[in-house]
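Beneath this line is the structure, given in structure tokens, with notes to follow.
Derivation of every value follows stated rules applied to the coordinates shown; laboratory data play no part. Only a predicted model underlies this, so the values are computations on that prediction, with no experimental measurement involved. We place every Cβ from the backbone using ideal geometry, glycine too, and count neighbours over all the protein chains shown.
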């Protein structure tokens, strides 16, 4: 059993999901990645922070934010702690569009999970958690 190969295949499939989602939403892959960061972030993100997470310059992140705002995918708000700063937030419509576009995939994945017994589910969950942590450590821009 080649788990490493299966994991590489899963990562490649994930990139394919981003490309498919971008196509279905009529935006670029970087736009999808930006909205994903905004949805998943536990802290407020401005254009500088978003640019850092995407690996692009702040000027490019500003252009990206302008484009996403014009398309109705994000809105700008005053930072909760520093009124001089602006934070970016995904709009409810962007969240709904992403959910709708991903719905068929999520149903398919739920079917895969439903095929696991409890013991298998625990093993898979733990493996995915640990693999996600390892990937996160590798991709962390501060690390």
Handout entry: Residues in the range 2-27 reached by a label modelled at residue 135 [backbone nitrogen below 18 Å; 7 Å Cα→Cβ]
Key = 2-22
Completion exercise
The base-10 log of I(q)/I(0) that the Debye equation returns for the range 3-139 at q = 0.12, 0.14 Å⁻¹, one scatterer per C-alpha, is -0.59, -0.78
Handout entry: Protection-proxy order for peptides 25-33, 111-119, 44-52, each taking the mean of Cβ atoms within 10 Å per residue, highest first
Key = 44-52, 25-33, 111-119
Completion exercise
tail above 12 Å in the computed P(r) of the range 10-69, as % of all Cα-Cα pairs, reads 66 percent
Fill in the blank from the handout: the chain: relative contact order from alpha carbon pairs under 8 Å, six or more residues apart, as a whole percent, is 18 percent
